[in-house]
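Shown next, in structure tokens, is the structure this report addresses.
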Amino acid sequence: QVKHPVISLRFVFIFIVQMGEFKVHRVRFFDYMPSAIRAMVFSTRTERLALARADGALEIFNFSDNYFQEKVMYGPRRVAVEALCWVGPRLFSAGLNGEITEYDLENLRPRYTVEAYGGPIWTISVNSQGTLLAVGCEDGTVKMFEVLKERIQFQRNLDRQKGRIISLSWHPSGTLIAAGMMDMIRIFDAETGRATHRLLVDRGAGASKSKEVVVWSIAFLSDHTIISSDSAGKVQIWDGLNGTLIRTHLITKWDVLALSVSQDESSLVAGTSEGTVVQFQFISSTVDRLDKDWVRTRTFKNHSHDVRALAHTETAVVSGGMDTQLVVRPLLDKVEKNTRESAMRKVSFPHRSLVCCAKKAGLLLFQFPDHLELWRLGESDGYGKLGGSLPVKRGPEKLIQLKRKGEDHICCSALSPCGGWLAYSTVTSFRLYRLQNGSISICKVSKLPKDLLPAHQLCFSTNSSKLFASSSNSSVVVVALNELECKYLGTLKAKYGCRQPVHQLSASDNGKWLATANTDCEVHVYNLDKLKLHCTVPVYGSCPTAMAIHPTTSNLVVVHADQQIFEYSLVKKEYTEWSRRLQKQGLHSMWLERDTPITHVTFNPKNPAHIIVHDMFMFCIIDKSLPLPEAKNVLYNQMALRSLPEPDRVLHSHGFKICKDFQHLLCVSLLEDHSLVVVERPLLDIVSQLPAPVRQKKFAT
Amino acid sequence: MVEHGDIRVVRRGGSKINFRQPVITNDSRLLLCASGHSVKVFSTSTEECVHELRGHTDLVTGVVVKPSNHLQAYSCSLDGTIRLWDFTDGILIKTYDIGYSIYSIHTSAFHKGVVFTVTSTISDKKSESFQLVAVHLPQSGDQLVKAPELSAVISDVSSNPGAIVFGRGGEYIASANGLHLEVFFFKKQKTYRFFLKKDTKTGGKNTFMCVAAHPKDDCIATGHEDGKIRLWRNFNHQKEYTYSTLHWHSNAVSSMCFTPEGTNLLSGGVESVLVQWRYNDVSQRDFLPRLGAAITHIAVSPDGALSCTSHSDNKITIIQGIKVSAVLQGLVTGESVETDLMVDPRSKALVLNGKPGHLQFYSLKRDKLLYNLDIVQQEYIHELGLQQFKVVKVAFDASGNWMATVEERKQKDAEQELNLKLWAFDEQTQSFVLNTTVADPHESRITAMCFCQAAASQTTMLISASEDGHFKAWQLRRLAPGEDDGPSCLCDFVGAYRGLVPHCCCFSADGSLLAVSFQEVVTVWSPASWELLATLSQPPKAIRNLCFGRLSCSKYLLGTTDDHLLCCWNLLTCSLEWSTSMDISLLLGDPLTENIAAFCCHAGSTDLFVFKPSEPRPVFSLKAVCSGKVTHAVFAPREEMLESCEESSQWLNHSQLYFLTQCMDLMTFTTKAEEEKLMASSKQLLIDDSVAMTPFYLLLGKHRKGESGAAASGESAGRPPLPQGSGAVKELLRTPAHVLPSTSFLCSMFVKSLLVSVGDARSVESKPAEEEMESEKEEEDSEGDMESSASRPERGSLARRSAEPAAPPLTKAQLRELRRVKKLDHSWLTGLLRS
């Protein structure tokens, strides 16, 4: 079970004088495995990307807010979502279970499900007016659903075909619809439901001649050009009016699984099984001529496995597939070069914490979609030299593996700091457990208050006497816990009209305050004594990604998706002096250019001036007592400082002490015994667990 | 010092033909390529050199066909001139003096009367910076024209002509240099620049190597250092440009070319594979592998029928479809010529290393590779860092019956492998046949090898000296037809001297003495008795070269030492006759005279001294022959003796001195008389003043003024004079029908002769003698008598002329005009002109 023994190492920073030394628990036994990306759809209106994973999880990324993963929700059961579709702000999905689901994006749950009665659904597409939803079914029918205000209603079937409908695309006028099938493409008249054209797609050469070719994806452009991609590795361009083939581009030996056309129809991308994304552009062959052609231009290779889903935004190509990473590749002809926008981004880890650390008990709770794992950290009593590893007296132990009940995914979990309580919630149920006797025994608390509904986020108070669970409409339920019972204390409600889910909860150490943040970027602070709203932090335009209340000064530190840091005094109800100074001077450009958000904020109880934050690639100790780094300073200066003599260090050091020794971090937390817990999940480990990619001939092998 | 104004260093024979991209003419029959100081015209079907266009005084750096006249070509040179040639006849038509060294030339049909040349930036000559300038060629009838109108088009271009290309009909020009691509649109007068990063994250190197432009579409293909080809489109936008990448080559793409219709893109590199990409479907490629050596240039004929590739081993391959149809092979000079230059006594061919493991026999007279002799007889595997057998020493005996070769292979850990091979000349096959292989003749590297040059004995003696401290004498015996056993090669003697390492060995002319230098000591042996006769020494430094005097000076032995001393010993007295201080890199005796040539390295350049050991004054000396050190040279005997009376050039009468410069160019010395003789044989343009003022002339003259006045006169003069009047008709009728040129050719002449009626009497009178002579020559020629090769080019051109009608066909409009003029009374015109 234990894959990596804990390496407790005495890790000493260069700023040893100011902050003393840490004992670091380097944890590598969290076998977090993200799931493959299945489908993706981008809404230009809301600038949101909806993404479906193979395990049924849906994620919503806000592209206008630094590609922040705003919402994560799970479908009703563990079913693969095959296709996604935005209708205005509404999100629909269809899957191989033959159902169409609309999601409630405010409560992060499916709103309703409609059975299509056509077998597995392969594709879903909406017309440009947003009035009709077409789904392609296994039985060869294209079914039309009318989009009503609160639900969708079956309208009619188009002519039934032999063979399944794999892909669908509406003509922008809404009168025609093209369907990709096995070995052919059909064009339907959307009004009469008759098939008007039948375009035969030729099969691959050689041995694959006998295999049916699958038209994986299709795009119907406003000039009646149809573009199809198929399993023979071709991207074909058809004249939709006459039903003739114009050009064939053979781009791979394997399948071309996804297509996406830009809004202005001047560029299109195709994703292949080799992990490449090929761009085609609509270019006139000579400067002065007007007639244009689709010409193959760039090839992006950012994936090791199949590219299953693609989205062409105005400035970038977004791709995802079997290798579980979401890649945002800006098109350099659309963005300013050498800026933040032109940098490529990869989203590998979720933008929220999956690890919960019981600071007093030294326990770690890992959240998987279908189970929870509770681990006790190892111990060491030896003293080693700086940077070396320590002898392990007691290795880490896996105490509990708790499987979920039912089929729903675990969407949030929490462990109390004392290690006595464990809570988790799925989309339909909430469970609380009592851990006893050094966490060996576990028993479910059966009597729960009725008001404790399935939650989006859970949090225990520092003394483990209270549990906070965020539920619908930005409200937070407060429950008092003791040995005998758990009692509903009340619901904290923000002002009326606030409907977005709370995704961050943070309670103060003294038990007085609770801060909540929702995806509308609002941060509310409640007084727990009075169970009332204490104040609202001025709304900043970017979503908070992590926050915490300082144990002694009661200052709320909020880090936003655009990497800005604010410190808000809860007592004075204003930004602190340090925060103002930081805003006035501005953060270092290198800090702002990082592409993963800060997912956790903690403090150093020994030194109140320290704020410990981490993202995927580094953790940083912000020392408020030191001067802020200026633009001319080097941000990542710890290595350089180490080589300098002692007196010079003071001159060159600044408030941001960044450590990149640990990579691919999921959690950095400070235990009560002043040792640091670092949970790593190297990307290489994830890659090694992926299935083998399609074989490719590499040069000189 | 002797005055030597009339002896020049020239490139003659063996020059590079892969220096610049070759040009195939419109009819795909001829191939033009820059070769040293001249332009060579090859036939694409017979591989023969048809003409050599001589005239440039420095390296020719580019050849292009004149866009407005496909029978003429421009060539440019470092001497700062652009020359216009009629390449079918090999006639220089015009010379434009630019005044700056020209590195390459580009033309397009879009720009009439303008050529684009690359010159180095005028302001600062030291920094290697080049610019593209447009040269407006002035329209004038003179043969030598100054072209003062220069205008810069693009600054900071690459000197590599492959990095500049005209796009679609000449509407734009693309130039790549380093890491940026620049496109200049002539109509809009606008430049677009595109930059690439030096290295990509995945280790690609983005430096531009070459550029090609699609002839129909706006698409530029660029080849890069890491083997990628990028196809650029939409480059008339600074921002929305786009490119796609093709990748097959594993190393830098050295040349690319689109076919004339733009359907295919050809690319080549060090892999020596010609890759053909379909423009419309780049995933489909065709390959032509095993072309022998790295591809340096690719060219396609205007009709697309032929393509040709230049290779790094001085070879041009002509490819028809995807099959090699002809190979033009020049002299191969790799990075090092280990065998030294040798002359085969039998064929008088130059012998040196050629292809790996081969010896090449190169005829200097015909400037043609005779054959390659496989010495190593092992498969050559092209792989970086792989140690192969190399031919390091070659020697011929005096009669050319025997050849000895030494090959060696030094592997990192293994022992040195040495083979001494003896080759006997086989009369039947007319080539050398392997006679004996001596494996490991010495324990260490062989430093010198020589044959006894004394003629006419049953046996021949070969001496090999090695680093193991010994020299060995090998007795070679040609087996009589009857006896078939017994060794034909025997080691006769092993000599050593105080354990020193022998470095040079040398036989006296009569074969009675052998001199072997052991470091600073020269030992003289008698080969008959193997007795050490004398030791001569000149401490403290080792002997570098040894050479016996010949004929009247045969009592002298010359040697050079490492401390820059040239010593001359008198063998009769065994004493030093004289010595002088000179840093001589090479000492060479002329086998036919008593002259000795010494290449003396002095201040970065090499001086040549030719002297007789018995005379204190040098026969000839020339300062700064070339830059760098000369380490390889040879005296090649002339076939016919030159009769030069001038004292300074007399040493060149019997044999010619060839040498290799540091950059492996084969150079030789030529006298003024020789040059004049050569020039006389090549045709010169005759300016004909006596062209009659006929309406025909007026018409044609007017028409031709449009393109180039000089071209017109050049062509009319180059053509054989027309048979005129009744005399010509008589002549025509008298000649036998089977030797007459084609009727169509005669017809136009005949009609023309009838057209001319007024005012041509003068010209008819002034030229009859010449005509007579010319037509006689033509007769003689067509009867097929083989002449001496001195008049070859002329003959070739004449034959060609009779085979194809040289007169440009008149268009219909011109004919109509002609008819109209004929009807008109044009007497007033002539009157006007005369007044």
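A few points about this structure:
- Residue match in region B:272-283 (condition: more than 26 Å from A:L250 (Cβ to Cβ), of a type in the set (A, V, I, L, M) and buried (at least 18 other Cβ atoms within 10 Å of the Cβ)): no
- Of all residues in region A:311-322 being crowded, with 24+ Cβ neighbours inside 10 Å and within 15 Å of A:S273 (Cα to Cα), the one that is nearest to the other protein chains (Cβ to nearest Cβ): A:S319
- Candidates B:K393, B:K368, B:K410, filtered to the one that is open to solvent by 50 Å² or more (accessible area, probe 1.4 Å) and in contact (Cβ under 8 Å) with a residue 24 or more places away in the chain: B:K368
- Criterion (at pLDDT below 90 and of a type in the set (S, T, Y)) met by exactly one of A:T248, A:T192, A:T252, A:T175: A:T252
- Here A:Q69 passes the criteria (1) open to solvent by less than 30 Å² (accessible area, probe 1.4 Å); (2) more than 21 Å from A:V318 (Cβ to Cβ) except the one numbered (2).
- In the set B:A299, B:A293, only one residue is within 25 Å of the chain's Cα centre (by Cα), part of a loop (DSSP other than H, G, I, E, B) and away from chain A (no Cβ under 12 Å); that residue is B:A293.
- Of all the listed residues (A:S262, A:S229), the sole one being modelled with pLDDT of 90 or more, in contact with a Leu (Cβ under 8 Å, 6 or more places away or on another chain), open to solvent by less than 20 Å² (accessible area, probe 1.4 Å) and within 14 Å of chain B (Cβ to nearest Cβ) is A:S262.
- Complete set of residues in region B:183-215 that are among the polar types (S, T, N, Q), open to solvent by 20 Å² or more (accessible area, probe 1.4 Å) and over 18 Å from B:F116 (Cβ atoms): B:T200, B:T202, B:T207
For every residue, the table says whether it meets (1) more than 32 Å from the chain's Cα centre (by Cα); (2) surrounded by fewer than 16 Cβ atoms within 10 Å (Cβ to Cβ); (3) under 26 Å from A:S43 (Cβ atoms).
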{"position": "A:P120", "(1), (2), (3)": "no, no, yes"}
{"position": "A:T123", "(1), (2), (3)": "no, no, yes"}
{"position": "A:C137", "(1), (2), (3)": "no, no, yes"}
{"position": "A:M144", "(1), (2), (3)": "no, no, yes"}
{"position": "A:R156", "(1), (2), (3)": "yes, yes, no"}
{"position": "A:Q161", "(1), (2), (3)": "yes, no, no"}
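- Some residue of region A:417-424 being free of Cβ contacts under 8 Å to residues at least 60 places away in the same chain, among the small types (G, A, S) and surrounded by 14 or more Cβ atoms within 10 Å (Cβ to Cβ): yes
- Residue under evaluation A:G240, criteria (1) crowded, with 21+ Cβ neighbours inside 10 Å; (2) under 20 Å from B:D281 (Cα atoms), criterion not met: (2)
- Candidates are the residues of region A:280-297 that are within 8 Å of another protein chain (Cβ to nearest Cβ), of a type outside the set (K, R) and under 16 Å from B:S283 (Cβ atoms); the one that is least open to solvent (accessible area, probe 1.4 Å) is A:T297.
- Strands (runs of 3 or more DSSP E) lying entirely in region B:485-534 (those with 1 or more residues that are closer than 14 Å to B:C547 by Cα): B:502-507, B:514-518, B:521-526
- Some residue of region B:206-214 being in contact with a strand residue (DSSP E or B) (Cβ under 6 Å, 6 or more places away or on another chain), within 19 Å of B:Y279 (Cβ to Cβ) and either within 14 Å of another protein chain (Cβ to nearest Cβ) or among the hydroxyl-bearing types (S, T, Y) (or both): yes
- Candidates B:S614, B:S581, B:S585, B:S575: the one that is open to solvent by 20 Å² or more (accessible area, probe 1.4 Å), of a type in the set (G, A, S) and in contact with a Ser or Thr (Cβ under 9 Å, 6 or more places away or on another chain) is B:S614.
- Residues that are modelled with pLDDT of 85 or more and touching a Gly at 6+ places or on another chain (Cβ under 8 Å) number at least 3 in the following strands (runs of 3 or more DSSP E) confined to region B:3-67: B:49-54.
- Within the set B:S283, B:S244, B:S250, the sole residue that is in contact with an Asp or Glu (Cβ under 7 Å, 6 or more places away or on another chain) and within 14 Å of chain A (Cβ to nearest Cβ) turns out to be B:S250.
- No other residue among B:S255, B:S267 is part of a strand (DSSP E or B), open to solvent by less than 20 Å² (accessible area, probe 1.4 Å), in contact with a helix residue (DSSP H, G or I) (Cβ under 7 Å, 6 or more places away or on another chain) and of a type in the set (S, T, Y) apart from B:S255.
- Region B:221-236 - residue that is in contact (Cβ under 8 Å) with a residue 40 or more places away in the chain and facing another protein chain (nearest Cβ under 10 Å) and, of those, farthest from B:K187 (Cα to Cα): B:G227
- A:A361 vs. criteria without any contact (Cβ under 8 Å) to a residue 24 or more places away in the chain, more than 14 Å from chain B (Cβ to nearest Cβ) and either closer than 30 Å to B:E171 by Cα or surrounded by fewer than 24 Cβ atoms within 10 Å (Cβ to Cβ) (or both): no
- Check on B:L586, aliphatic (A, V, I, L, M) and either more than 33 Å from the chain's Cα centre (by Cα) or more than 16 Å from B:C506 (Cβ to Cβ) (or both): no
- Residues that are at pLDDT 85 or above, assigned to a loop (DSSP other than H, G, I, E, B) and within 11 Å of chain A (Cβ to nearest Cβ) were ranked within region B:181-205; the one that is farthest from the chain's Cα centre (by Cα) is B:K188.
- Single residue of A:D255, A:D333 found to be farther than 17 Å from A:L51 by Cβ and away from every other protein chain (no Cβ under 14 Å): A:D255
- Filtering region A:641-666 to residues that are without any contact (Cβ under 8 Å) to a residue 40 or more places away in the chain and touching a helix residue (DSSP H, G or I) at 6+ places or on another chain (Cβ under 7 Å) leaves A:L644, A:H652.
The values are calculated or read from the model by the stated rules, or taken from the named source; none is laboratory data. The structure displayed is predicted, hence computed values, not measured ones. No Cβ is skipped: glycine too gets one built from the backbone with ideal geometry, and neighbour counts run over all protein chains shown. Ligands, DNA and RNA are excluded from the accessible area calculation, which covers all protein heavy atoms including side chains. Shrake-Rupley method; radii C 1.70, N 1.55, O 1.52, S 1.80 Å.
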